[in-house]
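Heads up, the thing below is written out as structure tokens.
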Amino acid sequence: MSAAPDPPAQLLPGVRAVGLTRPLAWLRHGWRDLHASFGPSLLHGLIVAVGGLAVLTLTLRALPLMPGALSGFLLIGPILCTGLYELSRRIAAGERPRLGHVIEAWRRGTRPLVALGMLLFVASTAWVLASALLFKLFVAVPLDSPLRFLRYAVAGQGGWLFFLWLLAGGLGAALVFSLTVVSAPLLLDRSVSLRTALLASVRAVGDNPAPMALWAALIMLATAASMATLMVGFVFTVPVIGHASWHAYRDVLDAERLPPRV
């Protein structure tokens, strides 16, 4: 499959203005789509939950890597939800969603989605390394248990280091969110280049700052709640957020004039 040509800037999809509380409607639609494609949707959540638990288990032997590794793992979420976007697309078209549609989605959008996945992989790897470097350079006490690590980081023993880590992580997460909030569904749905999809996503956030900030906060809350349950919550939150992200894309971007990806 040949890569889509880089379209000119004027062929960027239009951006619609949405209301502040529109992300709540996206979640309702996501919950509805979860019920309509229960098995394939939960499979996505189960894969993420198992992956997150594996990362957590591995980093228990290298605690300074844990926060960076877990947050880095979550950065690739937009790619992991590719199948969920396709299931929602099929539901909207009046079709009965099935697991085969997930496989078809990866076949149809392989090159641009792989390119986006590689971009997110590089970003997550860089964050893991930067996070580990911060702790290696500035943490003077041994962090030999999760409890000691939390006490050092949260209870103030880490001083400015913890807040520096939070600031760096927050800025990185905001950048990734802006670049990917609707770019992955757009790449799946329309024959556009990675550059076009990323620019469209940034424009969507810039033109809808308040609702997109609420959407980011809702995703963060769902992520925190899922991690608090030792990743079990991801079985349900990942499908809902993934399906909801498809509806966010359809609400915010007007991509009808762009050629469909086949």
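Read-outs throughout are calculated quantities, based only on the coordinates presented, and are distinct from any laboratory measurement. Since this is a predicted model, take the numbers as computed values, not measurements. Cβ: placed from backbone, ideal geometry, glycine included. Neighbour counts: every protein chain shown.
Some points to look at:
- Compared with the direct C-alpha span, the chain from Trp106 to Ala126 gains 4.6 nm at full extension, assuming 0.36 nm per residue.
- A full extension of the chain between Thr57 and Ala228 corresponds to an added length of 60.1 nm, given 0.36 nm per residue minus the alpha carbon distance.
- In order through the range 14-23: 3J(HN,Hα) via Karplus (6.51 cos²θ - 1.76 cosθ + 1.60), integer Hz, x for Gly, Pro: x, 10, 9, 7, 10, x, 4, 8, 4, x
- Which of Glu95, Glu104 has the fewest Cβ neighbours within 10 Å, and the rest in rising order: Glu95, Glu104
- Taking amide H as placed 1.01 Å from N in the peptide plane, the amide H of Leu253 sits under 5 Å from that of Arg16, each at least 5 places away or on another chain.
- When Trp246, Trp106 are arranged by Cβ crowding within 10 Å, least crowded first, meaning fewest neighbours, the order is Trp106, Trp246.
- Cβ crowding within 10 Å averaged over residues, with 38-44, 176-182 ranked highest first: 176-182, 38-44
- Amide H partners (placed H, <5 Å) of Arg190, local residues excluded: Arg261
- Taken about its Cα centre, the range 18-254 carries a charge dipole of roughly 200 debye when the Cβ of each Lys and Arg holds +1 and the Cβ of each Asp and Glu holds -1.
- Extended-chain gain in nm, criterion 0.36 nm per residue less alpha-carbon gap, Arg257 and Leu11: 87.7 nm
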